[in-house]
Amino acid sequence: MGKKSGGRVRVKQVGPKGMPSIGNPMDELAIPPDQMIQLPPPKDKNMSQIWPLNETFTMNFDSFSVIYPNYLDSSKTVKQGRRISVAEAVKKPTVMDIGTVLQGMGIRHVVQLYKGYSRDAESQWNNLGRVLLDIPTKKKDIMEQNADGSFDFSSKREYDYEVKNKKELLRKVALRIPYLNSRNERLAHENAQKEAEEKRVKEEATAA
């Protein structure tokens, strides 16, 4: 209760003094720091692999055309970004597949491994990356690289391919991807892992 004093009200404390602090009841549910999951740092989306290597510090690719794996992926719809017909496309191409083909064709390009395609939510985490390329509408010179990393200036040659437009280039790239040894080895490894996992799950279900 309070007492009036000069027109003011004085509040009187009721109950025992010095009550102990209850604390946060959620503290018992908190995960100890040493048991917390530590997420890896985010990837640098601007990380680029430039080809040919002798242009690593000089290439200006601001005006290059863009290829996302979705453009060539037969498992994607047009709405998800496929730019050529299903018959011309290839299943699950990667940026490394595209880069390898472009290198074989002698086309200047930049592989950016961690760029996702905005029109397809799945590509933000699965099959990341894009390729920037200089579409060879005219002859340009490139040089071969030796095994020790040096460049053979006597090997200067012109592009092997010229194309009329980007869609024609997409068709040429998609046509060559299925014949890449690196791709076929990767797919064989993935299939072996999938079969091993299916076998393990089947054995566990049988044992249960």
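Could you work out how much longer the chain between T56 and D44 gets when fully extended? Use 0.36 nm per residue separation minus the Cα distance between them, nm to one decimal.
2.6 nm
Of all accessible surface on region 22-87 at a 1.4 Å probe, what whole percent is carbon and sulfur?
Carbon-and-sulfur percentage of accessible area, whole number: 59.
Cα-Cα over 32 Å: which of K164/K194; K79/K164; K76/K194?
Exceeds cut-off: K164/K194.
Quick one: if you stick a label point 7 Å off each Cα along the C-beta vector at V66 and W125, how many nm between them?
Between V66 and W125, the simple spin-label model gives 2.2 nm.
Residue by residue through region 104-121, what is 3J(HN,Hα) from phi via Karplus (6.51 cos²θ - 1.76 cosθ + 1.60, θ = phi - 60°)? Round to whole Hz and write x for glycine and proline.
x, 7, x, 9, 4, 7, 9, 9, 10, 6, 10, 8, x, 8, 5, 7, 10, 4
Set the Förster radius R0 to 35 Å, insert the Cβ-Cβ distance between Q193 and D27 as r into 1/(1 + (r/R0)^6), and round the FRET efficiency to 0.05.
The value I calculate is 0.25.
The values are calculated or read from the model by the stated rules, or taken from the named source; none is laboratory data. Since the structure is predicted, the reported quantities are computational estimates derived from the model, not experimental observations. Positions of Cβ are generated from backbone atoms using ideal geometry, with glycine treated the same way; all protein chains shown enter the neighbour counts. The accessibility values were calculated without ligands, DNA or RNA, using every heavy atom of the protein model including side chains. Shrake-Rupley method; radii C 1.70, N 1.55, O 1.52, S 1.80 Å.
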